[in-house]
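Visitor: Structure in structure tokens, see below.
The values are calculated or read from the model by the stated rules, or taken from the named source; none is laboratory data. All of these numbers come straight from a predicted model, not from anything done at the bench. Glycine gets a Cβ as well: all are built from the backbone with ideal geometry, and neighbour counts include every protein chain shown. Note: areas computed on protein heavy atoms with side chains; ligands, DNA, RNA excluded. Shrake-Rupley method; radii C 1.70, N 1.55, O 1.52, S 1.80 Å.
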Amino acid sequence: MGRGRSGEGCASVSDLVTGDAVVLGLRPARLPSRALAILLDLVVYVAGYLLISVGLVLATASMDGAARAAVSVASFVLVLVGVPIAVETMSHGRSLGKLACGLRVVRDDGGPIRFRHAMVRGAFGVFELLMTFGSVACIASLFSERGRRLGDVFAGTLVIRERVPGARVMPVPPPPPWLAGRFGGLDLSAVPDGLWLAIRQYLTRMDQLDPQVGASMAARLADDLVARTGAPPPVGVPAAAFLMAVVHERQSRDAARAFRQRPAPGAAPVAYGQQPAPVVMPAVAAPAVGPVAAPVAPVAPVPVTLPVEPPKATGFAPPA
């Protein structure tokens, strides 16, 4: 197997990490789905604003112009700014449009948003969405790696997709039978999760790759795995078969750890690259058999004669 640079083939991970250093598999929403969600929200809010405005016009007909203008501005701020902030705060980032499109607003660390996040988003939304008709929000979302507008940047939030189609998990092909158990003594503690993920993705899709490309990728992944374990694979083992055997060994260890299986007392691990020694069962000595005693003739039972007492009188008449 040809030597490759260590670290190639490792899958890239998301940059959303919680305070406990747990990587989150969140998928940021893109511009089309966000635009559709905002459009649905605006239709609802504008319709509600128009209904409230008609009612306020009828209710304030006797007021002067300044009072009617103040009531109109207050209703505008309340319906188009205050209501979205309240809805996002109480629903933890799910407005009506986002709920219909399968979206949600979360913090940068993946947690639910609070009032301050919704307030910053709503304040910037007046400029980004209402005053500029969404042009500033579209430009900012296109230039953002995670599709965030200015309100998301300053609020520290992110719009993600909650409804993600589940991908079918393909099983890893088993290793050749002559490689089963050959890597029981291999140290796999230094292999990162990214490399395991890359190896698993390759093994589940290697039949769909070009043979030349697949062989080159298997060689690079095997070289990375060898660099992490510190022990070269046995001579004559193909790269793909080596990867299958090592992944199978890791799965066996995980299963044994999950079920708390422990090796038998005194059993030593199989050395790397060696065939496992056959298990020799200790000989069990047969129990000693002494001389057989001669059969004893059966003894006839002795008849016992019991004295017969005459029946006692009971006062009843005997039967006829």
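Visitor: Largest first, please: the extent of the C-alpha atoms of the range 169-238 along each principal axis, to the nearest Å.
Guide: The Cα atoms of the range 169-238 stretch 32, 27, 24 Å along the principal axes, largest first.
Visitor: To continue, here is another question. May I ask you to derive the FRET efficiency for Thr60 and Ala123 from their Cβ-Cβ distance with R0 = 35 Å, giving the value to the nearest 0.05?
Guide: 0.80
Visitor: If you roll a 1.4 angstrom probe over the protein chains with everything in place, what fraction of the accessible area of the range 89-224 belongs to carbon and sulfur, to the nearest %?
Guide: In the range 89-224, the share of accessible area belonging to carbon and sulfur is 62 percent.
Visitor: Moving to a separate point now. Tell me, what does the Kirkwood hydrodynamic radius of the range 83-235 come to in angstroms if you use every pair of distinct C-alpha atoms?
Guide: Result for the range 83-235, one decimal place: 19.7 Å.
Visitor: Could I have the simple spin-label model distance between Val43 and Val153, label points 7 Å from Cα toward Cβ, reported in nm to one decimal?
Guide: 3.0 nm
Visitor: For the range 19-143, what does the accessible surface come to per residue with a 1.4 Å probe? Please give it in Å².
Guide: Spelled out: the 1.4 Å probe surface of the range 19-143, per residue, equals 58 Å².
Visitor: Here's something else I'd like to know. Rank these by accessible area, largest first, 1.4 Å probe: Tyr49, Tyr202.
Guide: Tyr49, Tyr202
Visitor: Also, quick follow-up: Where Rh is the Kirkwood radius over the Cα pairs of the range 205-264, the temperature 4 °C and the viscosity 1.567 mPa s, what D in µm²/s does Stokes-Einstein return?
Guide: 99 µm²/s
Visitor: Right, here's the next one. What is the extension gain from Gln212 to Leu78, computed as 0.36 nm multiplied by their sequence separation minus the C-alpha to C-alpha distance, in nm to one decimal?
Guide: 41.9 nm
Visitor: Next question, about the same structure. Given a Förster radius of 22 Å and the C-beta distance between Arg114 and Ser53 as r, what FRET efficiency does 1/(1 + (r/R0)^6) yield to the nearest 0.05?
Guide: Result of the calculation: an efficiency of 0.10.
Visitor: Sticking with this one: Quick check on the range 48-149: what does the Kirkwood estimate of hydrodynamic radius come out to from the alpha carbon pairs, in Å?
Guide: 15.4 Å
Visitor: Also, I was wondering about something else. Compute the length gained on full extension between Gln201 and Thr132: take 0.36 nm times their separation in residues and subtract their Cα-Cα distance, giving the result in nm to one decimal.
Guide: Computed gain between Gln201 and Thr132 is 20.4 nm.
Visitor: Residues in the range 77-92 near a label at Glu162, defined as backbone nitrogen under 16 Å from the 7 Å Cα→Cβ point?
Guide: Hits in the range 77-92 for Glu162 at 16 Å: 87-92.
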